[in-house]
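**Q** Here it is: the structure, laid out below.
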Amino acid sequence: MAEDAEVAPAPDQAPPAGLGAACWTRRLPDEAATARLADEIAELIEPGDLVALSGELGAGKTTFARALIRRLSGDAEIEAPSPTFLLMQLYEGRKAPIVHADFYRLESPEELVELGFDEAVEGAFAIVEWPERGGGRLSPDRLDVSFALDPEGGEEARTATVSGRGAFAERLARVQAIEALLAPTQWRAARRDHMQGDASSRAFERLVTPDGATAVLMISPPRPDGPPIRFGKPYSAIARLAEDARPFVAVDRALRGQGLSAPEIYAFNLETGVVLLEDLGTEGVLADGAPDFERYELAARALAKLHASDLPDVLEVEDGDDYVVPPYDLDALLIEVELFLDWWATHRGGLHLSSGARATFVNIWKRTLNAALTMETTWTLRDYHSPNLIWLARREGLAKVGLVDFQDCVMGHPAYDVVSLLQDARVDVPEALELKLLGAYARARREFAPGAAFDLQEFARAYAALGAQRATKILGIFARLDARDRKPHYLAHLPRVERYLQKNLRHESLAEIRAWFRTHAPKLAGEA
């Protein structure tokens, strides 16, 4: 976060007692340094957050608030005086409204009810001076910035102690971890550009140094446990999703050990989930929005290389710390297809399914998957498709395919990742190309393991079953992203995923599940 030496953490000043680990003190030699701190805080906070400013009169609270309001509003000329007499002033922000309050003249916290403070700050950026006068009316989850004069530093010098309370403490600890991670590297003073993320909770930034060198900062905080839904476990545990950054680090190193181009890891902090990575670039495996055969074929061959190898299920994270790759078992596969019932059926299909119809759906899938899956398992990266594949033209052979998304890796059937690639949810893969690439994969399997048996018929059955399972799951995920997470752009991909499902259901081994869809959602069985 810090780009200037003047506002770097001051190691000789210990955090004040009672503020916890998510706290540090910064020296601000002048008003420009205060403005830079405000810029950094603006990157940290989100709509609905509260920033509480304390300190004696003249300590710099209003100067900081004005700089923060200018950054959040995008208006560098806005005056933003202290609302000492009005108590509260509202501004238009780029992302959300901004509420600037000054409680200095507040006689009682109950006055906030008359002011309509709670209503004003809902969904807004709230900046409050003299928060201690608000009593218990303020949220316990907030960012506190305490200012003090610094006579030794000069007339304009101040110190600011930044601390997080409640849920904000974890977020602030992550910012501290990022600063500590970058401090000894060439990326300490790099520009940080937000990168388009994925459908997960991870965030990415591209770091750019003045000489043009780049790296990627992945921010993957530990996943909080959701409510228990089965066996006393949350969905993420049943579906075998990564709970923190350990799987990413372990699988990354293992893939590189196999000669594949996962990004080099420069540094990481597992406690906060911050990882500094090699930047593999932005060139993908598509050409004019369509699959490029050469690149897709090499991506299929890279899978064949993995699948023909004897891969361990215990991977090293760091010295003394091993990660066990979980199995992609029946419980995980079934909880995923149930997303279709919970989200697509209700929010997109308009289906009113009885408990019996839901139970039949799950039981049919259980029989279908049990019949399709064999004991053969390998690393299943799970999101092996075009958005997560980078083309590295300057490298040789299979190393030309860059891999960036594999933290949810499990031990599963090799057909899963092949169908993820060849039935890409975000791009049309013509059926003729799909078949051609399937042939290339099969030939590569025999090439990389000439003495090993490869049953193409069994593989085709698993490919259809897992393709149908994946498509069913994705219909539920994309419907959820729209209905719950307010990401409607994923709906554009639903027709493509529906076509993949229809195609997979044509396989003779899926007759029972096809009959269920024909009865309850005929469109998805290709009959409406």
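**Q** ALA460 versus (1) within 19 Å of THR368 (Cβ to Cβ); (2) open to solvent by less than 10 Å² (accessible area, probe 1.4 Å): which is the lone unmet condition?
**A** (2) is the only condition that ALA460 fails.
**Q** While we're on this one: In this structure, does GLU129 turn out to be within 19 Å of ARG26 (Cβ to Cβ), under 38 Å from the mean Cα position of the chain (by Cα) and of a type in the set (D, E, K, R)?
**A** Numbers: within 19 Å of ARG26 (Cβ to Cβ): yes; under 38 Å from the mean Cα position of the chain (by Cα): yes; of a type in the set (D, E, K, R): yes.
So GLU129 passes the test.
Rundown of residues vs (1) within 17 Å of the chain's Cα centre (by Cα); (2) on the phi > 0 side of the Ramachandran plot, yes/no style:
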| residue | (1), (2) |
| --- | --- |
| ASP144 | no, no |
| ALA160 | no, no |
| GLY166 | no, yes |
| ILE178 | yes, no |
| GLN186 | no, no |
| GLN196 | yes, no |
| PHE204 | yes, no |
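**Q** Taking into account only those residues within the range 264-301 that are closer than 18 Å to GLY402 by Cα and β-branched (Val, Ile, Thr), which is surrounded by the most Cβ atoms within 10 Å (Cβ to Cβ)?
**A** Within the range 264-301, the match that is surrounded by the most Cβ atoms within 10 Å (Cβ to Cβ) is VAL285.
**Q** Do you know which residues across the range 318-328 are modelled with pLDDT of 95 or more and either in a loop (DSSP other than H, G, I, E, B) or surrounded by 19 or more Cβ atoms within 10 Å (Cβ to Cβ) (or both)?
**A** Listed by number, the residues that qualify are TYR323, VAL325, PRO326, TYR328.
**Q** Restricting the search to the range 252-285, which residues are more than 23 Å from the chain's Cα centre (by Cα) and not in a loop (DSSP other than H, G, I, E, B)?
**A** Of everything in the range 252-285, just one residue is more than 23 Å from the chain's Cα centre (by Cα) and not in a loop (DSSP other than H, G, I, E, B), namely GLY257.
**Q** Is it the case that SER139 is touching a residue at least 60 places away in the same chain (Cβ under 8 Å), open to solvent by less than 80 Å² (accessible area, probe 1.4 Å) and in a loop (DSSP other than H, G, I, E, B)?
**A** Details: touching a residue at least 60 places away in the same chain (Cβ under 8 Å): yes; open to solvent by less than 80 Å² (accessible area, probe 1.4 Å): yes; in a loop (DSSP other than H, G, I, E, B): yes.
Here the answer is yes, as SER139 does meet what is asked.
**Q** Of the conditions (1) assigned to a strand (DSSP E or B); (2) out of contact with any Pro (no Cβ under 7 Å at 6 or more places or on another chain); (3) open to solvent by less than 60 Å² (accessible area, probe 1.4 Å), ALA304 fails just one. Which one is it?
**A** The number of the failed condition is (1).
**Q** List pairs: first in the range 343-359 and aromatic (Phe, Trp, Tyr), second surrounded by 16 or more Cβ atoms within 10 Å (Cβ to Cβ), Cβ under 6 Å, 6+ apart or cross-chain?
**A** TRP343/GLY476; TRP343/ALA479; TRP343/ARG480; TRP344/LEU475; TRP344/GLY476; TRP344/ALA479
**Q** Continuing with this model, one more query. Considering only the range 435-488, state which residues are more than 30 Å from PHE361 (Cα to Cα), part of a loop (DSSP other than H, G, I, E, B) and in contact (Cβ under 8 Å) with a residue 60 or more places away in the chain. Break it down into steps so the answer makes sense when it comes.
**A** Initially, the range 435-488 is screened for residues more than 30 Å from PHE361 (Cα to Cα), giving 436-437, 439-454.
Going one step further and asking which of them are part of a loop (DSSP other than H, G, I, E, B), we end up with 449-454.
If the condition is that a residue be more than 30 Å from PHE361 (Cα to Cα), part of a loop (DSSP other than H, G, I, E, B) and in contact (Cβ under 8 Å) with a residue 60 or more places away in the chain, then ALA449, ALA452 are the ones that fit.
**Q** In the range 249-259, which residues are surrounded by fewer than 18 Cβ atoms within 10 Å (Cβ to Cβ) and closer than 30 Å to GLU434 by Cβ?
**A** Result: ARG256, GLN258, GLY259.
**Q** I'd like to check which strands (runs of 3 or more DSSP E) are fully inside the range 346-415 and have at least 1 residues that are within 17 Å of GLN469 (Cα to Cα) and open to solvent by less than 40 Å² (accessible area, probe 1.4 Å). Before you say what the answer is, go through the steps one by one.
**A** On the way: elements: 378-380, 389-391, 401-403, 410-412.
Once the strands (runs of 3 or more DSSP E) in the range 346-415 are filtered for at least 1 residues that are within 17 Å of GLN469 (Cα to Cα) and open to solvent by less than 40 Å² (accessible area, probe 1.4 Å), what remains is 378-380, 410-412.
**Q** I'd like the residue in the range 1-46 that is buried (at least 19 other Cβ atoms within 10 Å of the Cβ) and polar (S, T, N, Q) and, out of all such residues, is modelled with the lowest pLDDT.
**A** Per the criteria, the residue is THR25.
**Q** Something else: Looking at the range 475-484, can you tell me whether even one residue there is within 14 Å of ALA372 (Cβ to Cβ) and buried (at least 16 other Cβ atoms within 10 Å of the Cβ)?
**A** Keep residues of the range 475-484 that are within 14 Å of ALA372 (Cβ to Cβ), which gives none.
Looking through the range 475-484, none of the residues is within 14 Å of ALA372 (Cβ to Cβ) and buried (at least 16 other Cβ atoms within 10 Å of the Cβ).
**Q** Moving on to the next point. Find all pairs meeting these conditions: Cβ atoms under 9 angstrom apart; at least six residues apart or on different chains; first residue within the range 80-105 and in contact (Cβ under 8 Å) with a residue 24 or more places away in the chain and open to solvent by less than 10 Å² (accessible area, probe 1.4 Å); second residue aromatic (Phe, Trp, Tyr) and part of a loop (DSSP other than H, G, I, E, B).
**A** Going by the 9 Å Cβ cut-off, the qualifying pairs are ALA101/TRP130; ASP102/PHE85; ASP102/TRP130; PHE103/TRP130.
**Q** Suppose we filter the range 47-79 for residues that are open to solvent by less than 60 Å² (accessible area, probe 1.4 Å) and farther than 18 Å from GLY134 by Cα; how many remain?
**A** Step one: filter the range 47-79 for residues open to solvent by less than 60 Å² (accessible area, probe 1.4 Å), giving 48-55, 58-69, 72-74, 78.
From what is left, the residues that are farther than 18 Å from GLY134 by Cα are 58-60, 63-64, 66-69, 72-74, 78.
Matching residues across the range 47-79 total 13.
**Q** Taking the range 220-248 as the search range and keeping residues that are in contact with a helix residue (DSSP H, G or I) (Cβ under 7 Å, 6 or more places away or on another chain) and open to solvent by less than 20 Å² (accessible area, probe 1.4 Å), which one is nearest to ILE477 (Cα to Cα)?
**A** So, considering only residues that are in contact with a helix residue (DSSP H, G or I) (Cβ under 7 Å, 6 or more places away or on another chain) and open to solvent by less than 20 Å² (accessible area, probe 1.4 Å), the one nearest to ILE477 (Cα to Cα) is ALA239.
The values are calculated or read from the model by the stated rules, or taken from the named source; none is laboratory data. Please read all numbers here as calculations on a predicted model, not as lab measurements. Positions of Cβ are generated from backbone atoms using ideal geometry, with glycine treated the same way; all protein chains shown enter the neighbour counts. Accessible surface areas use protein heavy atoms only, side chains included; no ligands, DNA or RNA. Shrake-Rupley method; radii C 1.70, N 1.55, O 1.52, S 1.80 Å.
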